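No value in this document is a laboratory result; all are computed from the given coordinates. The structure presented is a predicted model; accordingly, all values stated were derived computationally and were not measured. When we count neighbours, we look across all protein chains shown, and the Cβ atoms used for this are built from the backbone with ideal geometry, even at glycine.
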Amino acid sequence: MNRLLAISVPLFMLFAVPVRAEDTLFADMGGQVGIDRIVDASVDNYLADDRIKAIFNESNIDRLRAQFKVQFCQVAGGPCQYKGHDMTIAHKGLHLTNANFNAVVEDLQAAMDKVGLPFATQNRFLARLAPMQHQVVSK
Ligand code: HEM
């Protein structure tokens, strides 16, 4: 038993600890409370943005806010598991363009400015969303 512990503890530390310790983005964004504020401010911006607001006409906005909150938490490295549709399926019928994508990023940046998130932290989060562009844009 002692020999087993002697082997398993260092292995656990080798694989689990460094990854968690370096991923401070969730905390740097203010935890779930900070992320909820960012999501609410950004969704408000989308719905007020003449370039993209019509795209949300058929959607359940309360559900969308809730899904964003879980997904952003997970993307930031927080203790959440997003269980909604994958990004290709969720946006398939919307025929989104790069211009739509850029508008969403601008509105999200404005929301992060509004809640006072430092520019460097904003960029760390945006860098994690960037790889999703090709899944979301289909036109
Ligand atoms: C990296 C960029 C994006 C991310 C991470 C993202 C994330 C999400 C998530 C998590 C959902 C919920 C999926 C579900 O309910 O299972 C969703 C749905 C949706 N997204 Fe996005 N999205 C992005 C870009 C965009 C853009 C550019 C637009 C349009 C301007 C957009 C419009 C929508 C709409 C209208 C829905 C709801 C679809 C429905 O009602 O079924 N998204 N998105």
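So what's the gap between the Cα centers of the stretch 42-56 and the stretch 68-139, to the nearest angstrom?
The stretch 42-56 and the stretch 68-139 have Cα centres spaced 14 Å from each other.
Under 16 Å from the Cα of residue 139, which aspartates and glutamates turn up, not counting those fewer than eight places away in the same chain?
none
Pulled fully out, how much extra length does the chain show between residue 47 and residue 90, if you take 0.36 nm times their separation in residues and subtract their Cα-Cα distance? Spell out each step's value before the answer.
Values: separation 43, 0.36 × 43 = 15.48 nm, distance 1.81 nm.
13.7 nm is the gain from fully extending residue 47 to residue 90.
Under 8 Å for C-alpha pairs, at least 6 residues apart: give me the relative contact order for the stretch 25-136, rounded to a whole percent. It would help to have the intermediate numbers written out before the result.
Details: 89 pairs, mean separation 42.9, N = 112.
About 38 percent, as a whole number.
Check the straight Cα-Cα distances from residue 69 and name the lysines below 19 Å, setting aside those fewer than 8 residues away within the same chain.
Filter leaves 83, 114.
Between residue 120 and residue 54, what is the FRET efficiency for a Förster distance of 30 Å, r being their Cβ-Cβ separation, to the nearest 0.05?
On the way: r = 34 Å, r/R0 = 1.13.
My answer for the efficiency is 0.35.
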